[in-house]
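Below is one structure, written out as structure tokens; comments come after it.
The values are calculated or read from the model by the stated rules, or taken from the named source; none is laboratory data. On a predicted model such as this, the values are computed, not experimentally measured, just so you know. When we count neighbours, we look across all protein chains shown, and the Cβ atoms used for this are built from the backbone with ideal geometry, even at glycine. When the accessible area is computed, the model is the full protein with side chains, heavy atoms only, and any ligands, DNA or RNA have been set aside. Shrake-Rupley method; radii C 1.70, N 1.55, O 1.52, S 1.80 Å.
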Amino acid sequence: MRRSLPSALLVVAALLAPAAALAQPPGDGPDQTIAPDQRIALEEAVLARGHVDIGPRYVDGAWKLMVHDDTGEQSVWRNLDRTAFQVSDKALLTVPDNPAYAFIGKPGARVHVLPQVQNPEVTWVGWNTQDPEVMEVVDRGVTLTLTGVDGPGELFVYLQAGNFGAADVLWNSTKAGRQDIWVDTNTHTHANWVFTTPGVYLVQVEAHAKLIDGKEARDTATLRFAVGDATDARSALSAASRTSASATPSAVSEKDTAGGSGPPWGVIALIAAVAVLAVLVVVVIVRGRAAKRQGTSG
């Protein structure tokens, strides 16, 4: 794993060279091993500082996208629907006058950045595929897919290979459609998360993988960000996404993926029953008319 810049150097870079603050060396985070029996915290939580990773985990045999929380004395897993990430104004940076960052916005604009290299004043958000059961059953790796962003501004997630190197933009909310990130098993990575406007952001992410036994695992969850000091993190916890359901696929079970994409059996049975009933009605009408004609002729 690569080293983090000292916090003092990060502050100097942010004040003297905004481009350097946005173009930080890679930050894949500390070397870590996740215990198979690590506790799952069920309570609501607002995470404002420290190290966290998004990633899949098996819970009672079920594949689930969660957040691995290292911000406390003991590491825990948390449910994403009960977790909010507070992005304070300490994350504010200025977009530099550099064409390499034109995708973020106009030079001089102020944006909130959760950086690729750890800044102890803000949350350090990454992703990992290090759950022991995930590593045991997944075939090669996991696909993390951005399926929708609901917020007052834009979201950009990108990697930086080195100072002033070209940005590798992974997720860009200005683009339509699903955006995939391939993550090998036993991987731990951090990136830059940029929010252009304060407010609540609901970021829909899917974790999908092919398993060694040929089956598939899939789950979709919402990452909740409260951006800016004036944004209440509790509002992010209670917010409902306005993103259309078609843009964000729901979780698909192994039985669903193994059974193909045809209509459900219940729908087929209902259609068949209606068809049989229609035939019976036609038969009754035809017979009634025939009987009436026979009575008239007699």
Next on the checklist: Any residue at all in the stretch 198-214 that's in contact with a His (Cβ under 6 Å, 6 or more places away or on another chain) and over 11 Å from LEU144 (Cβ atoms)?
Outcome noted: no
Checklist entry - Got at least one residue in the stretch 84-94 being open to solvent by less than 40 Å² (accessible area, probe 1.4 Å), assigned to a loop (DSSP other than H, G, I, E, B) and out of contact with any Gly (no Cβ under 6 Å at 6 or more places or on another chain)? => result yes
Checklist entry - For the stretch 228-242, which residues satisfy the criterion of being in contact with an Asp or Glu (Cβ under 9 Å, 6 or more places away or on another chain), under 19 Å from HIS112 (Cα atoms) and open to solvent by less than 40 Å² (accessible area, probe 1.4 Å)? => result GLY228
Checklist entry - When residues of the stretch 151-188 are filtered for being touching a Pro at 6+ places or on another chain (Cβ under 9 Å), more than 30 Å from GLU133 (Cβ to Cβ) and open to solvent by 80 Å² or more (accessible area, probe 1.4 Å), how many remain? => result 2
Next on the checklist: I need every pair where a residue in the stretch 205-216 that is under 13 Å from THR129 (Cα atoms) has its Cβ under 9 Å from the Cβ of a residue that is outside any strand (DSSP E or B) and open to solvent by 10 Å² or more (accessible area, probe 1.4 Å), sequence separation at least 6 or different chains.
Outcome noted: HIS208/VAL252; ALA209/VAL137; ALA209/ASP139; ALA209/ARG140; ALA209/THR185
Checklist outcome for this item: In the set GLU73, GLU44, the lone residue that is at pLDDT below 95, open to solvent by 40 Å² or more (accessible area, probe 1.4 Å) and among the acidic types (Asp, Glu) is GLU73
Checklist entry - Within the set of pairs 6 or more residues apart or between chains, which connect a residue that is closer than 21 Å to LEU65 by Cα inside the stretch 224-244 to a residue that is assigned to a helix (DSSP H, G or I) and of a type in the set (A, V, I, L, M, F, W, C) with Cβ atoms less than 6 Å apart? => result ARG224/ALA236; ALA226/ALA233; ALA226/ALA236
